[in-house]
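J.: Attaching a single structure in structure tokens format; questions to follow.
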Amino acid sequence: MTVRCRTPLAALILALVLPGTALAISAREFATDADLVAGAAGNPRLGGTLLPPGMEADKPANAYSFEFAQLTPAMEGEAPAPPQPPYDGPVDEAYGAYQRGLFDAAYEAAMARAGRGDPRAETLIAELIERKLIAEGRAGEPGAWYRMAAESKAPFAVNRYGMYLLGSDDEEERGKGRDLVRQAAEAGDPLAAFNHATILVQENPGAEGLKLALPWFEQAAEADVPDAQYALSQIYRALENLPAEKRDLWRYWLRRAANGEHDTAQLELALDLINGTDMPRNIEEGAEWMHRAALNGNPAAASRLAYLYLNGIGTPVDAQSAAVFYLSARNVGLRDDEMEKLLASLPPESLEQAMLRSRAIARRY
């Protein structure tokens with residue numbers, strides 16, 4: 001499985017090798033008082049303090065898995081997304097069907113191209129089987145399809161096969177997987193570069209691992225891999241022995257990751273802007289990034305955004321919107337007594353509408 005989901009993986013690894021530094025999901029507590037004072041530091045090993053004061057979680061925030069963001073239905077009263085530019089390139093019917101959730105059609109279209117040396121079709125079949133979207137009894141074992149695709153020597157396919165082998169219980173297979181990911185990274189595949197960097201950090205704890213991984217994170221970040229851009233922002237921000245010209249770029253990479261719809265980067269940027277941490281305070285812009293992170297499936301951002309709407313911090317005071325985002329966070333175990341009182345105070349019709357709106361957001365978690 002390629003490490004391409006929207007998780008705080010790289011940053012959590014950094015937290016393990018650099019305890020005590022302000023990493024990843026922020027070692028700062030979100031401030032909701034009138035002066036927006038920075039709160040107490042969290043524990044970087046546990047992902048920092050992600051919840052507003054008084055909120056409890058059923059599990060640490062870094063235990064959540066953040067999927068790649070997809071567009072959520074527009075809420076009532078919200079402006080629609082800007083139109084996308086027309087695309088005149090080749091159309092991949094198999095991947096198009098896959099993205100629309102038409103898995104049988106995707107499988108049939110990919111099978112029509114598989115066996116003719118089409119590694120993308122073969123990789124898609126492997127992923128359909130691995131994710132249990134197509135029965136293994138119908139299509140075969142995913143490893144065989146990943147291996148067939150990798151025989152093409154296409155770097156993306158070599159990377160995917162390597163990541164599949166890394167999930168094996170056999171150490172020899174895992175070693176082969178590491179080698180394949182490294183080969184794909186050396187061949188220029190950006191996702192492989194990110195995966196290889198992450199493996200290097202895992203296998204070489206401390207500064208040595210970061211030194212080995214940094215060029216690969218940089219390669220992936222330059223190629224617009226948001227996970228790598230976010231990881232790079234954390235490394236540049238945390239390490240003191242880097243050249244000043246690199247350290248000064250952490251804000252640039254954080255914004256690039258946020259613009260690439262990396263929800264944890266959006267949350268981090270929102271916190272920095274609202275609290276004025278290492279950048280000029282801009283509460284309104286911070287609230288916008290918090291909103292974006294919440295719609296991209298970040299439950300911590302949704303819980304914080306509820307407080308912004310409730311208290312009019314960077315937003316108009318809007319009790320129903322506060323309820324919408326609190327309900328979506330509550331669905332994954334984030335509860336708060338003050339917000340429960342807000343729900344109890346809403347008229348039944350308003351609460352019902354908030355519950356309906358919250359469901360579209362909660363599906364992202």
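The values are calculated or read from the model by the stated rules, or taken from the named source; none is laboratory data. Bear in mind that the values here come from a model prediction, so they are computed numbers and not experimental data. For neighbour counting, all protein chains shown are included, and Cβ atoms are generated from backbone atoms with ideal geometry for every residue, glycine included. SASA here: full protein model, heavy atoms, side chains in, ligands and nucleic acids out. Shrake-Rupley method; radii C 1.70, N 1.55, O 1.52, S 1.80 Å.
J.: Check segment 326-340 and report whether any residue there is touching a Pro at 6+ places or on another chain (Cβ under 7 Å) and open to solvent by 30 Å² or more (accessible area, probe 1.4 Å).
T.: Yes, because at least one residue in segment 326-340 is touching a Pro at 6+ places or on another chain (Cβ under 7 Å) and open to solvent by 30 Å² or more (accessible area, probe 1.4 Å).
J.: Can you tell me which residues in segment 273-314 are assigned to a loop (DSSP other than H, G, I, E, B) and crowded, with 24+ Cβ neighbours inside 10 Å?
T.: ASN296, GLY297, ASN298
J.: If I ask for residues that are open to solvent by 30 Å² or more (accessible area, probe 1.4 Å) and among the charged types (D, E, K, R), which ones from segment 88-126 would you list?
T.: The answer is ASP88, ASP92, GLU93, ARG100, ASP104, GLU108, ARG113, ARG116, ASP118, ARG120.
J.: Tell me whether segment 123-145 contains one or more residues that are in contact with a Ser or Thr (Cβ under 7 Å, 6 or more places away or on another chain) and not in a helix (DSSP H, G or I).
T.: No, the conditions are met nowhere in segment 123-145.
J.: Being open to solvent by less than 60 Å² (accessible area, probe 1.4 Å) and either more than 19 Å from GLY286 (Cβ to Cβ) or not in a helix (DSSP H, G or I) (or both) is the filter here, so list the residues in segment 247-261 that pass it.
T.: GLY260, GLU261
J.: Would you be able to say whether some residue in segment 338-355 is within 23 Å of the chain's Cα centre (by Cα) and in contact (Cβ under 8 Å) with a residue 12 or more places away in the chain?
T.: no
J.: Could you please tell me which pairs satisfy a Cβ distance under 9 Å, a separation of 6+ or placement on different chains, a first residue in segment 241-252 that is under 15 Å from PHE217 (Cα atoms), and a second residue that is open to solvent by 100 Å² or more (accessible area, probe 1.4 Å) and of a type in the set (Asp, Glu)?
T.: Correct list of pairs: ARG247/GLU240.
J.: Which one is surrounded by the fewest Cβ atoms within 10 Å (Cβ to Cβ) among residues in segment 193-223 that are among the acidic types (Asp, Glu) and at pLDDT 95 or above?
T.: GLU222
J.: Could you run through segment 341-365 and say how many residues are closer than 21 Å to MET290 by Cβ and either open to solvent by 80 Å² or more (accessible area, probe 1.4 Å) or of a type in the set (D, E, K, R) (or both)?
T.: So the count comes out to 4.
J.: Going through segment 148-174 one residue at a time, which ones are loosely packed, with under 13 Cβ neighbours inside 10 Å and part of a helix (DSSP H, G or I)?
T.: The answer is GLU171, GLU172.
Okay, residues lined up against (1) of a type in the set (Phe, Trp, Tyr); (2) under 22 Å from the mean Cα position of the chain (by Cα):
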| residue | (1), (2) |
| --- | --- |
| PRO119 | no, no |
| THR123 | no, no |
| ALA144 | no, no |
| TYR164 | yes, yes |
| GLY167 | no, yes |
| GLY175 | no, no |
| GLY188 | no, no |
| ALA193 | no, yes |
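J.: Can you pull out every residue in segment 199-245 that is outside any helix (DSSP H, G or I), of a type in the set (Asp, Glu) and either farther than 21 Å from THR264 by Cβ or touching a strand residue (DSSP E or B) at 6+ places or on another chain (Cβ under 7 Å) (or both)?
T.: Across segment 199-245, the qualifying residue is only GLU240.
Each row is one residue, and each column tells you yes or no for (1) under 30 Å from ASP224 (Cβ atoms); (2) not polar (S, T, N, Q).
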site	(1), (2)
ARG251	yes, yes
TYR309	no, yes
VAL317	no, yes
ALA323	no, yes
ASN331	no, no
PRO347	no, yes
ALA354	no, yes
